[in-house]
Amino acid sequence: MTVPCPRPSCPRPLRSAVLAGALALAVSGCGFFTEPDHRPVPGPSPAVAVPPAGDCPPSGVRVDAGRVDGAMGLRAMSLTLTNCSGRPYRVNGYPSVHVLDEKGAPLTGVRTVQGTDKVPMAPEDPGAEPFTLTPGGSARAALYWRMAAENGTYLRVVPQKGRAAVDVRPPETLDIGPENTLGTTAWAPSPS
């Protein structure tokens, strides 16, 4: 197989070198970072009640999960808390998160902690500061974990103590498993 040369005078060895380089990059994965698992998430399970995107649950806040970002075995994902009600929403603290399998059952052995100091190589958590979300306002928190063999399909998120849980289906599965720690940062207002 030959690679077309942009110029008629392109020597055959150069074409072969370009093809060999392209094949080497394709086979090697183009780098040494471990990419996140981008397998599609299966359809919703009847056991997990994920509100349709854009709907406002009775709690008045919507929780959305971002894509998984991963390198060198450290995984990160953002959670966004949006005040979709018509009244202010007071925020102070950390989300409480449980990882669920495709049937809605909690993954056993996954420990969730406030802060990131129990997750090797995770950035430092700035800590909790109270603030109020105006209607339409949003806040963010981050989740960090180390890569493992099992996959979580859903997250059950309690925005803060005393509030109702919300089920969230991230855009991709979470490669977290037994004996693993999921660290959460505190909620912080999203930049405008």
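Every read-out reported here was derived from the displayed coordinates using simple, explicitly stated rules and does not represent laboratory data. Computed from a predicted structure; not experimentally measured. Methodologically, a virtual Cβ is constructed for each residue, glycine included, from the backbone with ideal geometry; neighbour enumeration extends over all protein chains shown.
Remarks
- Label point distance in nm, D69-N92, each placed 7 Å from Cα along Cα→Cβ: 3.0 nm
- Residues whose amide H lies under 5 Å from that of G60, counting only those 5 or more places away or on a different chain, are absent; hydrogens are built 1.01 Å from N in the peptide plane.
- Sorting 58-69, 100-111 by their mean Cβ neighbour count within 10 Å, with the most densely packed peptide first, gives 58-69, 100-111.
- Under a model in which nothing but the beta-carbon of Lys, Arg (+1) and Asp, Glu (-1) is charged, the stretch 80-187 shows a dipole of about 500 debye around its Cα centre.
- Of G86, V97, L107, farthest towards positive along the dipole that unit charges on Lys, Arg, Asp, Glu beta carbons give the stretch 70-154: G86
- Hz values of 3J(HN,Hα) by residue in the stretch 79-95 - Karplus curve (6.51, -1.76, 1.60), Gly and Pro given as x: 10, 10, 9, 10, 7, 9, 8, x, 10, x, 10, 7, 10, 7, x, 10, x
- Cut-off under 5 Å, modelled amide H: who pairs with R67 long-range: S78
- Theoretical FRET efficiency, 1/(1+(r/R0)^6), r = Cβ-Cβ of K161 and R111, R0 30 Å, to 0.05: 0.95
- Residue-wise HN-Hα couplings along the stretch 155-161, as the Karplus relation 6.51 cos²θ - 1.76 cosθ + 1.60 with θ = phi - 60° gives them from phi, are 10, 9, 10, 9, x, 6, 3 Hz; Gly and Pro carry x.
- Extension gain, E124 to S78, is 15.1 nm, computed as 0.36 nm per intervening residue step minus the present C-alpha separation.
- Taking amide H atoms as placed 1.01 Å from N in the peptide plane, the amide H of G93 lies under 5 Å from those of E129, W187, each 5 or more residues away in sequence or on another chain.
- Here the peptides 89-98, 117-126 are ranked by packing, the mean other Cβ count within 10 Å, and the order with the highest first is 89-98, 117-126.
- Note, ³J(HN,Hα) from phi for the stretch 60-68, Karplus 6.51, -1.76, 1.60, rounded to Hz, x at Gly and Pro: x, 10, 10, 10, 10, 10, x, 6, 7
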